[in-house]
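First the structure, in the form of structure tokens, and then the observations on it.
The values are calculated or read from the model by the stated rules, or taken from the named source; none is laboratory data. As the structure is a computational prediction, the values presented were derived from the model and not from experiment. Here Cβ is always computed from backbone atoms with ideal geometry, including for glycine, and neighbour counts include all displayed protein chains. In case anyone asks, the SASA skips ligands and DNA or RNA and just uses the protein heavy atoms, side chains included. Shrake-Rupley method; radii C 1.70, N 1.55, O 1.52, S 1.80 Å.
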Amino acid sequence: MNRIGSKLKKLRHDLGLTQKEMAADVISVSFYSKVERGFHDIGAEELIQILEKHGVSFQEFFAEPKKNDFNTKKLNALVNDLVKAANEDNDVEITNITNQLMQIEPQTSVTESLILQAKVISSTHSKDSLKKLSSTEKKKIKQLVFQKDIDENGYLRIVLISNVMEIYSIDELTFLIKSIIRRYQDVTKLEKEVLLALSVLMVNYIDFCLQQNKINLCKDPLNYLKKLPCIVELALTKILGKYYEDIIDGKKEEAGKIKKVLTISGYKANVERMKR
């Protein structure tokens, strides 16, 4: 089951399809999702029908992978680089990643969406650029956030919201955050990349709330941050969560110590953003 599920997932990514498109009305999307994750088996007849819908023979499907491997690995690496650059506000690197994405052939819906998201993140990083956006431009970005899923775990959507949250009103953003917390309630089933994206989203939202003097809205995201596992990848965001908690509780001395440690450790850019 796991082997067939993983091969289906890889094929779907290579074709640039959503789970709904991949299932092709042969089986339900929810059943297909469980097949990919190895929770359900799929009958030979249904598998053949799905493959035929996408012009892939049974023999090709089970053959050892040869083509598209390089593109898939490169795409995954670029996604990780994009997230890192976005979190560091490194627009030069984001531009470099965008150019590399544009050179990948063939261009699929996945790469096209990634390019668009990278451009949006780069063009909306500063508050000045966000203020200059027209209502029409803001509407287009919001539509991009909720376009047809290109990854079933919502990873890229979370990253995008983290970087453009200033285009939302506090009420809109709070609704989004509450919905995301509900959707990702069981943190034990999430991959590390999704956990990291969620932790960054919570930190950015807490900072946004404090800028709006909406301290009462910080409780849920702070609790969610605490609920996330204590793994190395989340160390920085968990520390930032503790900083904001100290600020809210009036523990300025403790918060100052955290800022000092982060500055010494090389996180000056993060410290600059959290100055209060």
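For the reader, a short list of remarks on this structure follows.
- Ranking by accessible area, most exposed first, for Arg12, Arg183 with a 1.4 Å probe: Arg183, Arg12
- Ordered from largest to smallest accessible area (heavy atoms of protein chains, 1.4 Å probe), the residues Ser162, Ser30 come out as Ser30, Ser162.
- Charged neighbours of Lys238, selected by a Cβ distance under 11 Å, balance to +1 (K, R count +1; D, E count -1).
- Choice from Lys259, Lys189, Lys226 showing the highest fluctuation, given a GNM over the chain with Cα pairs closer than 10 Å: Lys189
- In a reduced charge model with +1 at each Lys and Arg Cβ and -1 at each Asp and Glu Cβ, the chain shows a dipole moment near 940 debye about its Cα centre.
- Computed on protein heavy atoms with a 1.4 Å probe, the accessible areas place Cys230, Cys209 in the order Cys230, Cys209, largest first.
- Using the rule -39500 (n - 2.57) for each DSSP H run of four or more residues, divided by the residues of the chain, the 222 nm mean residue ellipticity is -21000 deg cm²/dmol.
- Solvent-accessible surface (1.4 Å probe) assigned to Ser123 amounts to roughly 70 Å².
- For region 1-53, chymotrypsin sites (Phe, Trp or Tyr not before Pro) meeting the loop criterion (DSSP other than H, G, I, E, B) and having at most 15 other Cβ atoms within 10 Å: Phe39.
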